[in-house]
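K.L.:
Mind having a look at this structure? Questions to follow.
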Amino acid sequence: MKKRVLLCFSLLAAMCENSYAAEKSILVSQPAYDSMQFYVYRPDKKNSSKKVPNDFYVTYDGYLVYKNAKGVWFYGDAGKKKITKTNYVVGSVVPSTVGIEPYNKKISEVAPILDTKDSKNDNPIVNKDWTQNPDFIAVSKWSKSVDKIGILNKPLIPVAWKGEHPDVIYAWAGMQWRQITPRKWEEPVNTIRRNIHNLTVISNNNDIKWRDGDNAILEQYANYWGYEWIGEIDF
C-alpha cells in the first residue's frame, strides 16, 4: 500500500539558525489528500539571494511550494540559479529524497511553538506536543547510537536504535527516552518483543497520547535529522 507522506503540521514557519525572520503563517489545505493541512508563509525577499516568484510560499521545513489552478499544492525547487516548479505534489514525497533543494537549508532542530489566535476568545494557542519537548527532540543529537527511528504498533510509541545489532534501543516513555539493552547479537525486534510488557505498562502509566497523524510528522523529522525511517513495527 502506497504511503502518503502527510504534512499535517500545526506549526509556524521555522525560525532558522541564521536569523531568518518568521513571517505570518497561513494554514492551507491540500485537495489532493483529504484532511491534509499545513502551514506556509511568504518568504522574506530581503533575506533571499534568489528572486522568489510572487506565487511561491515556504513550508515550515524550508521548502518552496506553489498552488496550481485547481488548488493543488506542488513543490518548487531552489537548487538552480532560477527557482523552478516541479510536478511533485506536496504530501506525495519526502522532497529531499527526490532531489528537491530547499529554499532555506538551515531549519531549526526544534519546531517553533504555534502562536496564533483563538477565533472565539482571541487568546494565544500554544502547541505543547512532542515536537516542543526538548527531551524528545534530544534524540536528534544521538547519531553515535541512533541511525533509524520508527513506531511500535502496540504500544503506540516511538523507538530508535543504530545498526542491525545495537548496543542500546531507545523507547519513548512519555517524559524521557527509556534505554533497553539487547542481548549479544540479538536483533532489535526480538529485544523489543522481550520488553513489550514493560513498555505497555510504561505507556499506560504515563498515559502516552501518540496519534496516527504524528507518524507522518516524525517521518519528516527523521529525514531532517538524517535518520532512516523504519515505519511501523507490528508484533
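K.L.:
Please determine whether any residue of region 165-176 is at pLDDT 90 or above and β-branched (Val, Ile, Thr).
P.N.:
Yes; the residues of region 165-176 include at least one that is at pLDDT 90 or above and β-branched (Val, Ile, Thr).
K.L.:
Just to be sure I understand the filter: pairs with C-beta atoms under 6 Å, separated by 6 or more residues or on different chains, first member in region 47-76 and under 20 Å from residue 96 (Cα atoms), second member of a type in the set (Gly, Ala, Ser) and surrounded by 22 or more Cβ atoms within 10 Å (Cβ to Cβ). Which pairs pass?
P.N.:
Filtered contacts from region 47-76: 56/76; 60/13; 60/14; 64/76; 64/78; 66/76.
K.L.:
Being at pLDDT 90 or above, of a type outside the set (D, E, K, R) and crowded, with 19+ Cβ neighbours inside 10 Å is true for just one of 149, 196. Which residue is that?
P.N.:
The unique qualifying residue is 149.
K.L.:
Let me ask something else about it. Can you tell me which residue is surrounded by the most Cβ atoms within 10 Å (Cβ to Cβ) among those in region 216-235 that are closer than 20 Å to residue 174 by Cβ and modelled with pLDDT of 85 or more?
P.N.:
222
The values are calculated or read from the model by the stated rules, or taken from the named source; none is laboratory data. Since the structure is predicted, the reported quantities are computational estimates derived from the model, not experimental observations. Because the Cβ atoms are built from the backbone with ideal geometry, glycine has one as well, and the counts that use them run over all protein chains shown.
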